[in-house]
1. Count, please, the residues in segment 7-20 that happen to be in contact with a strand residue (DSSP E or B) (Cβ under 8 Å, 6 or more places away or on another chain) and open to solvent by 30 Å² or more (accessible area, probe 1.4 Å).
2. Kindly provide the set of residues from segment 21-67 that are open to solvent by 70 Å² or more (accessible area, probe 1.4 Å) and among the β-branched types (Val, Ile, Thr), ordered by number.
3. Restricting attention to segment 9-44, report how many residues are over 14 Å from Ile99 (Cβ atoms) and within 11 Å of the chain's Cα centre (by Cα).
4. Is segment 78-87 home to any residue that is closer than 24 Å to Leu7 by Cβ, of a type in the set (A, V, I, L, M, F, W, C) and surrounded by fewer than 10 Cβ atoms within 10 Å (Cβ to Cβ)?
5. So, in segment 13-28, exactly how many residues are in contact (Cβ under 8 Å) with a residue 40 or more places away in the chain and either under 17 Å from Pro89 (Cα atoms) or among the aliphatic types (A, V, I, L, M) (or both)?
6. Given the criteria out of contact with any Phe, Trp or Tyr (no Cβ under 7 Å at 6 or more places or on another chain) and touching a residue at least 40 places away in the same chain (Cβ under 8 Å), does Arg41 qualify?
7. Going by the structure shown, is Tyr76 closer than 21 Å to Gly9 by Cα, of a type outside the set (Gly, Ala, Ser) and modelled with pLDDT of 90 or more?
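The values are calculated or read from the model by the stated rules, or taken from the named source; none is laboratory data. Remember, it's a predicted structure, so these values are computed and weren't measured experimentally. Positions of Cβ are backbone-derived with ideal geometry, glycine not excepted, and every protein chain shown enters the neighbour counts. Ligands, DNA and RNA are excluded from the accessible area calculation, which covers all protein heavy atoms including side chains. Shrake-Rupley method; radii C 1.70, N 1.55, O 1.52, S 1.80 Å.
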Amino acid sequence: MPLKSPLSGTTLSSHNRVKALSDEPVTVFCFPDLRSWIDGRFRLRFALFYLPKGDSPLSRPTSFMASVMSEKLTIYTQKEFPGVYESTPLSKKLNKQGILIPIRNRNRLRNNDEESSANVEIEYSDQEQDA
């Protein structure tokens, strides 16, 4: 039986040309609905491929261009999740430029004395668990 991916959501993103906080033009790749179903400490691998334009996506040759690993990040269980922080200035600027990412205007941190639930959202691509 094939292993089920620990990630769900969109793991493929086209590039978006936007302006960074410094108003310089940059290219970004966004993964706003990516989630992990396994808790722990992980690093994500991002791979960049060149997909030339053409009539049929299946007949086009693709070229691997580069890959990079993220810093370690923590995936929490629902019970341990500390809450959601306000969106960063970069996230807010990308959203204003038409990138569809969720924006939070205030912190919603969990009080340890209260019962509540939350979902973890990760804005990255592939996952590699540290050994």
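1. Qualifying residue count, segment 7-20: 8.
2. Matches in segment 21-67: Ile38, Thr62.
3. Matching residues across segment 9-44 total 7.
4. no
5. Result for segment 13-28: 5.
6. For Arg41, the condition - out of contact with any Phe, Trp or Tyr (no Cβ under 7 Å at 6 or more places or on another chain) and touching a residue at least 40 places away in the same chain (Cβ under 8 Å) - is met.
7. For Tyr76, the condition - closer than 21 Å to Gly9 by Cα, of a type outside the set (Gly, Ala, Ser) and modelled with pLDDT of 90 or more - is met.
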